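These notes concern the structure reproduced below.
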Amino acid sequence: MKRQYTISILILLTICIGTRPAYAQEERNQGIIQSYLHGWEYGIKAGFNIGGTSPLPLPNEIRSIEGYNPGIAISIEGRATKWLDETKKWGVTLGVSLENKHMTTEAITKNYGMKIINTNGGELEGLWTGRVKTKVKNSYLTVPVLANYNISKRWTLSAGPYVSYLLDGDFSGHVYEGHLRTPDQTGSRVDFTGESVATYDFSNNLRNFQWGMQLGGEWKAFKHLTVYADLKWGLNDIFQKDFDTVTFAMYPIYLNVGFGYAF
């Protein structure tokens with residue numbers, strides 16, 4: 001439902017902007033010129049997120065990573081920059097972005113905390129040993145606050161914190177070719193072999209707010225067109241504080257690469 005609201009708002013804004021009369025467009029251009037003369041710049045960015053949500057370092061429970069697929073994760077951002085000196089060496093940027101952070105992984109685990117849903121709909125919680133397939137598909141509203149430094153006429157470096165609000169979250173998957181010990185290592189054993197699988201879904205246990213650090217660079221290819229790369233490193237666990245099925249913290253670490261347009 002939240003995703004539908006977001007898409008509807010974006011479509012409405014696009015229609016409103018596209019139907020503005022010519023004189024309003026001219027006034028907007030004059031406003032941008034005046035802002036530029038006072039040290040303000042505005043722009044938009046669009047790109048792809050490539051990365052994953054991972055514990056650091058990999059815990060003993062995860063014995064090996066057997067597969068990884070980043071998926072298609074899009075990011076769209078609007079930003080405003082205020083340069084603090086006449087030479088425009090130092091500046092501060094405030095941005096607002098809608099972004100997706102996706103991945104699918106397959107791993108071999110041992111004594112991995114798990115709450116599964118078996119074929120009859122019941123839940124079993126314990127320690128899983130075997131194969132695990134995990135899908136992460138989260139959408140965020142993100143606000144970065146960055147310090148900028150122009151190292152040349154074409155290159156700009158940026159760094160600073162960001163805060164994200166979870167709009168739509170999916171952390172789910174299934175387990176197979178292994179066994180579950182419940183409630184601990186000495187408990188009863190439930191085997192899953194052949195075509196037998198069990199699903200799990202921790203989406204309702206995701207934290208609403210994320211925060212982290214962003215480090216990036218931007219290259220000015222033409223007067224209005226830029227190419228950029230931003231590394232976003234989450235610093236708090238994606239799961240809620242009282243969620244204890246997964247016994248280690250997991251952090252979103254993604255590289256965002258794309259193009260920007262400077263007004």
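Yes/no per residue for (1) closer than 27 Å to residue 123 by Cβ; (2) touching a strand residue (DSSP E or B) at 6+ places or on another chain (Cβ under 9 Å); (3) in the same structural domain as residue 72 (by TED's automatic domain parsing):
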| residue | (1), (2), (3) |
| --- | --- |
| 215 | no, yes, yes |
| 221 | no, yes, yes |
| 224 | no, yes, yes |
| 235 | no, yes, yes |
| 242 | yes, no, yes |
| 246 | yes, yes, yes |
| 250 | yes, yes, yes |
| 255 | no, yes, yes |
(request) From the list 206, 225, 231, 215, pick out the single residue that is within 25 Å of residue 173 (Cα to Cα) and in contact (Cβ under 8 Å) with a residue 24 or more places away in the chain. (result) 206
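Of the residues 72, 65, 76, which is out of contact with any Lys or Arg (no Cβ under 9 Å at 6 or more places or on another chain), in the same structural domain as residue 102 (by TED's automatic domain parsing), part of a strand (DSSP E or B) and touching a residue at least 12 places away in the same chain (Cβ under 8 Å)?
65
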(request) Spot the failing condition for residue 251; the list is (1) over 18 Å from residue 100 (Cα atoms); (2) in contact (Cβ under 8 Å) with a residue 60 or more places away in the chain; (3) hydroxyl-bearing (Ser, Thr, Tyr), and only one is missed. (result) (1)
(request) State all residues of segment 178-210 that are charged (D, E, K, R), closer than 13 Å to residue 128 by Cα and surrounded by 14 or more Cβ atoms within 10 Å (Cβ to Cβ); if no residue qualifies, say none. (result) 181
(message) I'd like the full set of residues that are touching a Ser or Thr at 6+ places or on another chain (Cβ under 8 Å), exposed (fewer than 15 other Cβ atoms within 10 Å of the Cβ) and over 16 Å from residue 140 (Cβ atoms), limited to segment 211-263.
(response) 215, 219, 259, 261
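The values are calculated or read from the model by the stated rules, or taken from the named source; none is laboratory data. Please read all numbers here as calculations on a predicted model, not as lab measurements. Reconstructed Cβ throughout: ideal geometry from the backbone, glycine too, with neighbour counts over all protein chains shown.
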